[in-house]
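Comments concern the structure below.
The values are calculated or read from the model by the stated rules, or taken from the named source; none is laboratory data. Every value quoted in this text rests on a predicted model; they were computed, and no experiment measured them. Methodologically, a virtual Cβ is constructed for each residue, glycine included, from the backbone with ideal geometry; neighbour enumeration extends over all protein chains shown. Ligands, DNA and RNA are excluded from the accessible area calculation, which covers all protein heavy atoms including side chains. Shrake-Rupley method; radii C 1.70, N 1.55, O 1.52, S 1.80 Å.
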Amino acid sequence: MNKRDSKKDNVILFPGLEKRLLEKGLDYLKQKKYRDAIQYLEQALEHDPENSDIYVGLVLANYEAGYVKQAKQIAAEMLKSGLGDYIQVIDLYLMILVQLNEYNEIVTTIEALLEEREIPTDKHEHFMRLLDFGRRMLDGEMDAGNAEVFERASEEQLLGLFNYKDPKDQIMVAARLAKENIRPYIKEITEYVASEEGHPFQKTMLLNILKEQEYAEEIDVRKFGWEKSFIPAKLPELKDFIGTNDVIQLLSSQIESEDPVLFENVQSLIERHFFLIFPFELPNGSAEAWAAAYHFTANQYYGFEDPLESFAEIYNSTNEEAGQVLVFIRTLEEISYPIM
């Protein structure tokens, strides 16, 4: 079997470096490791300076890390350059302005939107409520305590989870919910995770938020044709679910010491896929078959053509079982590649 030259450039991971840097940055964002997220997203931006997904990730990472002024600057740059969905970016920008108590700019921005007739019908009430809030704060009619009333009133709106098809919009919704009490949205969230529709990526983010906020009622979850009931508060931590599985352990024993770069990359691939699968256990196929199929997939990314059978032999799996797993891995990759 061909072995990868460990002395070759170990910076380039799989094809599409900027996508992989974005993936790593968003992964750190999900783990709330905001400084790490910023580091990877800034690297991604150097390779793809017009990618709106990277900009959104940087806005959220800076905002969550407490670098609110930096988040505002990036959001303002997006608006100036016309990057991303205009209304979604405006909404994000206004959220930052609220955090900075820049009520005059809130009022000015929304009034300009009204004058230009840029506000879509379904967002009109939301922006008018925010405009009223900004004006009242400027007039001294509301204090910090009253501002909480405004936030609770905003929660009365539906999230519209089924309407979010764009990955960056899904991440924005999750970032927003992570900072709010999700109880007002429980009905909509549980309907979404139990539906045949909806993206597995979004469902995992919602389940993780329910866990973090210790939601202890049993809910139904559907993914990839699987269906099971879970209590979010009792779900494992995402990092434990992903990091302690037998597949990674098998791959580690075979390739980590020999080729740590390859192992890091195949581990990243598994982390993306298992994020989608959460909270279900591995579908059909033994851990050995999964390890063989992942090793084969990673090898293909590096341009080698060793047959799947050779990897099945290494991990004591049948070629047929590894082949069945490989089909599902390719399905996961098609789903996760544009997002994560």
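Lysine pairs in segment 158-286 8 or more apart or on different chains: how many have alpha carbons under 18 angstrom apart?
Taking segment 158-286 as the scope, the lysine pair count is 18.
At a temperature of 25 °C and a viscosity of 0.890 mPa s, determine how fast the chain diffuses translationally according to Stokes-Einstein, using the Kirkwood radius over alpha-carbon pairs as Rh; express D in µm²/s, rounded to the nearest whole number.
Diffusion coefficient, whole number: 112 µm²/s.
Hey, can you rank 65-71, 25-31 by average C-beta count inside 10 Å, highest first?
My ranking of the peptides, most packed first, is 25-31, 65-71.
Calculate one ³J(HN,Hα) per residue across segment 117-124 by plugging θ = phi - 60° into the Karplus curve 6.51 cos²θ - 1.76 cosθ + 1.60, and present them in order as whole Hz with x for glycine and proline.
So the Karplus estimates, Gly and Pro as x, are 6, 8, 7, x, 4, 6, 9, 4 Hz.
Need one value: the accessible area of TYR215 in square angstrom, 1.4 angstrom probe, rounded to the nearest 10.
Estimated to the nearest 10 Å², TYR215 gives 30 Å².
Using a basic spin-label model with each label point 7 Å from the Cα along Cα→Cβ, how many nm lie between TRP226 and GLU264?
Spacing of the two 7 Å Cα→Cβ label points: 3.0 nm.
Taking the Cβ of GLY285 as the centre, find all other residues whose Cβ is under 14 Å away and add up their charges (Lys, Arg: +1; Asp, Glu: -1).
-4
Go through segment 48-63 residue by residue and turn each phi into a ³J(HN,Hα) via Karplus (6.51, -1.76, 1.60, θ = phi - 60°); whole Hz please, and just put x for glycine and proline.
Running phi through 6.51 cos²θ - 1.76 cosθ + 1.60 with θ = phi - 60° gives 9, x, 10, 7, 5, 4, 5, 4, 4, x, 5, 4, 5, 5, 5, 4 Hz.
How many nm is it between the label spots at ASP132 and GLU218, if each spot is 7 Å from the Cα in line with the beta carbon?
Between ASP132 and GLU218, the label points sit 4.2 nm apart.
For every helix of n ≥ 4 consecutive DSSP H residues, a contribution of -39,500 (n - 2.57) applies; sum these over the chain, divide by its total residues, and give [θ] at 222 nm rounded to the nearest 500 deg cm²/dmol.
Helices in the chain give a 222 nm mean residue ellipticity of -20000 deg cm²/dmol.
Please give me the summed charge of the neighbours of VAL327: other residues whose Cβ is under 14 Å from its Cβ, Lys and Arg +1, Asp and Glu -1.
Once positives and negatives cancel, what remains is -3.
As an exercise, take the mean of 1/r over every pair of distinct alpha carbons in segment 295-339, invert it, and state the Kirkwood radius in angstroms.
That comes to 11.2 Å for segment 295-339.
When only C-alpha pairs under 8 Å and at least 6 residues apart count, what is the relative contact order of the chain, in percent?
Here the relative contact order equals 12 percent.
In a shell of Cβ-Cβ distance under 10 Å around LEU22, excluding LEU22 itself, what net charge do Lys and Arg (+1) and Asp and Glu (-1) give?
Net of charged neighbours comes to -2.
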